[in-house]
Structure formats: C-alpha cells, structure tokens
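Worksheet: the structure to be examined is printed underneath.
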C-alpha cells in the first residue's frame, strides 16, 4: 500500500458505452469516482463512496480490489447502475452524450462506513452538488477538500455549487466549465473569479492544451503530454483530478511546490488514461510509469 | 544595432481598422511584415521587402526607421495601401474580417535592393505564396528560410504552398491552419505531416494555449504568458514569428536548444504585442523587457 494518507472519494461508478474513431466499448467500467480512485490509488490509500445497481458486474468490483481501493462505501442497491453512452467524433476533445440513465447516487441510498468518517483528504468527484454537500457534512476532513463538477450541474444547480465552493480548498474544473460558471472568457479572470468564491487553488483543465493552476499568489502552467493516438478520452479529467489528489495526499503538504508537482503528475496520469478504453491503462500502470512520463514532460518543457 | 546577423523579411505592410472590446483604432500600422520586422529588430538587423500605396503616412515610415529597420525594399507605388478591417468580439482568439482591400503586394511591383541579395536569414511572412516563392528565388540565403502563411492561402493556393514548403526549413503556422492544411485534427500528427513535406522544424502557434515546436527528433511545448487583458490580438502571430526569427538569427545557430529558446522568446514578444493596439507596444520594448518576461515564463513552468 502506498505511503500516503487516506483519501475518501465520492462520485459516480458507472457503466459506459463508448464509440471513438478507434472502436467501440460496451458496458465498460466508468464514472468519476472510478477514474479518480484508480488514479489516486497509485499514490495513496483510497476509499470510495458511491452506489451501483444489482446489475453491476462482479468482475468490475474485482478491479477496485486489485487497486487496493476500499469499496466498503460502495452500496449495491436494487435497480440499474448509472449508464452513460457517449460518442467521440474526429475531434476527440468533445464527447457527444447520446444517452444518460438517471443518476441514482442519491443521498438517501448512501451509507458512509464508520471508518470513513475521519479522512485526511476528501475528493468530491463530479456528481450532484447537493450530494457532494451532504457527504462533506458527514466526514471530518483533516486536510484539504477537493471538488470537481461539470456543465450539467453548473446549469442546473449553480447556487448549490456556489455554496459548496465556499467550503472547499481546491477546485478542479475544465476550461469550458470555468467559462460557463463565471461568465468570463479569459481563463485567468475566470480563475480569479473562482478564487473570490472561496477556494485557495483552482486548477483549470484544458485537455490537449494542458492545465493552469492558479492561487492568489501563483500561476503555474503545464502542457499536456503530446499524444498522437488518443483511443478514448473518457475519464481523462477525472483521472487528472484523482492523480492530483492522490499525489498531493502522498506529499502530506499543499505548498506551492507540491501543488505544481501534483499538476504535472495529474497530467502524466491523464495521458495514460486515454491510451486505452475505459480503465484499461489505469489498471496496470504504477508509480514508476508515472515518473518516467513526468521526466518526459520535464524534458519537453526545458529551455 | 543588435549584434545578430541580417534578416530579410517580406510580407504585407498595411493600414488596419480594428475594433476590440477595449476600443477602436483607425488607419493604424499593421501587416505581417510590419509586426514581424518590429519584433525581429529587437534581436537582429532587419530589412524588409514590401509595397505600400502613396497614401501611406510618413509617420508610419518613421516608426520603421526608429526600430532601425531597413526600408529601402519598401516600395511606395501609386494607388492605395492594403487595408484590413477586423473585429474581435468577446472571444479574443478569433478575428472577424470585415473587409480586405485587394492585396497589392505583387511581384511585378517589387524591387529588391542589391544589398538585400545576400542574406543570412529569410523570413517569408504571411502573404501570397507565389510572391513568397518569387522572393525566395531572388535572394541567396546563407542560413534558414522561415515561412508563415494563413487559411486564405491554404484554401486558394495549396499547391504553391506545398511546393514552397519543400524549400524552407522552418514553418510557423497557427493550429487552425495546421489542421486545415494537413486534414489532421491531432496537432502532433499535423506537425509530422508537415515535416514530411520538407521543413526540419514546425512551430504550431496556439494563441492563449502557447505553442509547440516539433522536429524529427524533438517536441517542445511552451505555454502562453497568461494575460488578463488583451487589448488587441492583431499581429500576435506575426510578432511571435518575428521574435522567433530575430532571436534565432542572433544566436547564429539552429540547434535544439536555440530553437527552444527562440520559441520562448517569441512567446514573450507576442505577449507584449497584444498589450496595445497596433505596434504600440512593440515600438517601445527592448531586449531587457523580453528577458524579464522570459524569466516570468520560466518561473511559471518550473516544478
């Protein structure tokens, strides 16, 4: 087990149907809590809170166990698992959502095991902000609380999100969402607007254009790892966020230098995530693979 | 005069009418040869080849002289100067061209002074590729030939451009144009496709997302300098290209390390160019301003 502190992650565990120019995958493992916990578990101890239906395949549960992820907070409730069907056309930066089965990760159906109630880190991966708020209220977190969200919640529940933002220290968000949420096209202005709502740090994920990390004192930029073949971009942002959280927890600090290294680590993790469909690549990579890619990124940025 | 070798730059010298969310400017100095020569002159000796009409204001000519740019190859011919009218809306990454007065930079009207005929560097800034080819044929260039172009020429004269590419060593192009020209959405693939047409180096300019520099052996990425206030993005790409060429000429080499430093220098120059309308900022900055911004970029990339 990696030497980091323990992280609780909540978000969705789903079954995805994905079509990209490289092929198709049906009923594969997906969801924000899945990708982020797989990524975070490379660096730290991870426990997840989520819910799936009784149709959720046993073989997928085994994948969490193989990554040493604590799934005692993953409730198997009657009914069907959350399903997302998405299509990527030639421009792999943008998924077209073909269908979504209604999110069943409702607070009423969630159970938080006793040993989850004191956590070092909490990552609220993308899901309903009301659920995120509920979970946050039930866990005593010693370290930072990290948050991710998506355009759906920015449009449907902006007020819940705004309130929640006052209670978290790090927001991870993609560039389209940052613009949508703040109404500012300029990303530096958008980041500053978000900082004024509460968080100490905002990380704006720009897909193949990398990421920027903004605090009140500091701006850090990291390019994406340049890839010629992206097989399946699903979960890239969640893997980034999970890698970020996992690395940060392993450092046991959140000073400027740790935050920067976390963003680079997250970039490396995300670059692996898109190499195969679903969690294929995240299932097999280890810390040394990440380190190797980080040195390539470092070399790519040196002048 | 800076200590670099001499560069000949050809392209347009124009009068622009620009509207951005920050204001409006009428009949201001513009054109690809203008921006790139102003930028290059910070580092090297620059001579330009272009043509303007008899309406071209004397005060604009003086600006070239102030930058020590040799304008003996700038022909003043009867008729009107090339005019571009552009509008930037909230998204400052994209100009809307409202009108263009027909390009009058025709080979027939060009005169190349004798002392231009042996140059160390040649930069074919954006203009008609047939004109670029003609100029290239008339100058003996000891060092590298650099080329820039735009979507208009990619659409209108792809064959001329393709032939010309076989004769240049460095192409500078923006991301939309690189995709349009190669038919490849993935930028690494687009860059490799371009390298297969002849150049040793391709620099893809991504505006606020920075730039990537690709050779057969190397990939280098540089983020843009994060700016909250972009007053006028006109000429950012030309300034980048001019800064790149000027810096490279001052290094007298084009090894991997010089190319990387040239890309960072170009990024710094472009970040100044957009701070004021027209050439306002480029007229006043010096090498020490660039160096200061480069160290900020370096700090922003350090981890």
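The values are calculated or read from the model by the stated rules, or taken from the named source; none is laboratory data. Here the structure is a predicted model, which means the values were calculated and not measured. Reconstructed Cβ throughout: ideal geometry from the backbone, glycine too, with neighbour counts over all protein chains shown.
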request  = Within the stretch B:145-183, track down each residue that is within 14 Å of chain A (Cβ to nearest Cβ) and without any contact (Cβ under 8 Å) to a residue 12 or more places away in the chain.
outcome  = B:179, B:183
task = Sort out which residues of the stretch B:19-50 are in contact (Cβ under 8 Å) with a residue 12 or more places away in the chain, surrounded by fewer than 24 Cβ atoms within 10 Å (Cβ to Cβ) and not in a loop (DSSP other than H, G, I, E, B), and write them in order of number.
result = B:19, B:20, B:23, B:25, B:27, B:28, B:45, B:47
Residue B:230, sole failed condition from (1) at pLDDT below 95; (2) facing chain A (nearest Cβ under 9 Å); (3) under 30 Å from residue B:142 (Cα atoms) = (3)
query = Do we have any residue at all in the stretch B:73-85 that's within 19 Å of the chain's Cα centre (by Cα), under 29 Å from residue B:43 (Cα atoms) and at pLDDT 95 or above?
reply = yes
Residues satisfying the stated conditions in the stretch B:276-302, i.e. more than 14 Å from every other protein chain (Cβ to nearest Cβ) and in a loop (DSSP other than H, G, I, E, B) = B:276, B:277, B:278, B:279, B:280, B:281, B:282, B:283, B:284, B:285, B:286
note = Per the filter on the stretch A:184-218, residues over 30 Å from residue A:281 (Cβ atoms), in contact (Cβ under 8 Å) with a residue 24 or more places away in the chain and at the interface with another protein chain (Cβ under 7 Å from one of its Cβ atoms) are A:188
ask   = Given the structure, is residue A:85 touching a residue at least 12 places away in the same chain (Cβ under 8 Å), exposed (fewer than 12 other Cβ atoms within 10 Å of the Cβ) and assigned to a strand (DSSP E or B)?
value = no
inquiry  = If I filter the stretch A:226-233 for residues that are within 18 Å of the chain's Cα centre (by Cα) and part of a loop (DSSP other than H, G, I, E, B), do I get at least one hit?
reply    = yes
query = Scanning the stretch A:241-258 for residues that are surrounded by fewer than 24 Cβ atoms within 10 Å (Cβ to Cβ) and assigned to a helix (DSSP H, G or I), which turns out nearest to the chain's Cα centre (by Cα)?
reply = A:250
request  = Those residues that are in contact with a strand residue (DSSP E or B) (Cβ under 6 Å, 6 or more places away or on another chain), surrounded by fewer than 24 Cβ atoms within 10 Å (Cβ to Cβ) and under 19 Å from residue B:192 (Cβ atoms), I need them from the stretch B:215-228; list them, please.
outcome  = B:215
message = Kindly evaluate residue A:55 against the criterion of being within 14 Å of chain B (Cβ to nearest Cβ), out of contact with any strand residue (DSSP E or B) (no Cβ under 6 Å at 6 or more places or on another chain) and either surrounded by fewer than 16 Cβ atoms within 10 Å (Cβ to Cβ) or assigned to a loop (DSSP other than H, G, I, E, B) (or both).
response = no
query = Any residue in the stretch A:64-72 that is exposed (fewer than 15 other Cβ atoms within 10 Å of the Cβ), at positive phi and out of contact with any helix residue (DSSP H, G or I) (no Cβ under 8 Å at 6 or more places or on another chain)?
reply = yes
